[in-house]
1. Report the extension gain between residue 377 and residue 202 in nm, rounded to one decimal, defined as 0.36 nm multiplied by the number of residues separating them, less their alpha carbon distance.
2. Along the principal axes of its C-alpha atoms, what lengths does the stretch 265-339 span, in descending order and rounded to whole Å?
3. Rg(Cα) of the chain divided by 2.2 N^0.38 Å?
4. In nm², what is the average projected area of the convex hull enclosing the Cα atoms of the stretch 295-441?
5. Roughly how many whole Å is it from the C-alpha centroid of the stretch 1-71 to that of the stretch 360-400?
6. Can you tell me the 0 to 90 degree angle between the C-alpha axis of helix 45-62 and the longest principal axis of the chain, rounded to 10?
7. As I understand it, the value is the acute angle between the Cα axis of helix 121-130 and the longest principal axis of the Cα atoms of the chain; what does it come to in degrees, rounded to 10?
8. Quick one: 46, 90, 181, fewest Cβ neighbours within 10 Å first, how do they rank?
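FYI, it's all coordinate maths here, none of it is from the lab. Here the structure is a predicted model, which means the values were calculated and not measured. Quick reminder, even Gly has a Cβ in these numbers, built from the backbone with ideal geometry, and neighbours come from all protein chains shown.
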Ligand SMILES: Cc1ncc(COP(=O)(O)O)c(C=O)c1O
């Protein structure tokens, strides 16, 4: 066994090189492929649990109390929700669908936070009926809906307000959420955030716990958190002095990066925890607040590293002097991130780890779009049809954002631990594709 192979830092923590072949969670990936086929997503349970524990320990080392809230949009699945519950984390959801999955997973409703910039009246009603812990209000429309719903039910609902601090975290424009020109949250700069707080404080059925912001994702820099925390706490102090606003809970969102390339690793969890905790404590001291409860909302950082996507090589097309396209049996249907964000991935030839990576190739998908490229100009060993390729760091926002484009069925998901692979999501079938269509004959 030799664990000094490239990409070890971005693979699940149980990854091993067994005689030149990749194994995860004690399962050799080529054996899993024999049984389950490809494309296939494999999640490592030990990695998810270990990262949950690190988040809880590192944040609570620097700031107490901190609650870690897993953002289920990264990968919403009943078995993963159960692991999250067992590890003592809370969760957030952004649609009635994510909420339904959480409820079906027996996740305690009181530990669920409902986010989203355009929650419908029905979604809000359902959430309140389930006894959801917190609703994070994102618009004036939502304030009106909540007032109307709660009046009928004569209930009091705990809420947070999402503010937008006009701070750029220098990530991809399409994953930047806290700048002025954003659909998310109440802008502090325009005065909307002040107006929202004024209105919510006047509604007796809403108990305002505090404020939340989310800058974007993935955020490799620490400074945007520092700037945003100081700015938002300054705003909170003004709201306290003007309207008697009390800050008992504070959330700087999620956005913590993971390594997609071993040459581009993010700060570790402890560094994020220290910077966020220190700046919150300093700002609270400066503006004379008792330190509120801190909520952080990692999604990608909880499940991203645990997941690996596996594909089989099919056709190989060489264009002399230009590029060699190696096509695999999945692509943008199961991983849209490279196509929409230009995201980069490492690629590993699963059974050729000990071979030299001396061929520059482009890994293309099987979907009918030229933009269906999973990894451009990556170095790999000599490849032939039938070889297996793995894309590490595929646990977040791949299956979650997958589609049936080209009527391709979506891949299955396995959870591996101690040499045992458990199917937690089966491969779709052609019957599944037709199951929502209405017959017209
Ligand atoms: C409000 C909120 N919280 C948390 C997250 C999770 O972000 P990440 O997966 O980057 O940690 C998001 C992502 O869009 C979000 O919008």
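1. Numbers: separation 175, 0.36 × 175 = 63.00 nm, distance 5.78 nm.
57.2 nm is the gain from fully extending residue 377 to residue 202.
2. 66, 25, 19
3. The reported ratio for this selection is 1.03.
4. Numbers: hull surface 49.8 nm².
About 12.5 nm², averaged over all directions.
5. Computed from Cα coordinates, the inter-centre distance equals 20 Å.
6. 30
7. Roughly 90 degrees, rounded to the nearest 10.
8. Numbers: 46 17, 90 20, 181 9.
Ranking 46, 90, 181 by Cβ neighbours within 10 Å, fewest first, gives 181, 46, 90.
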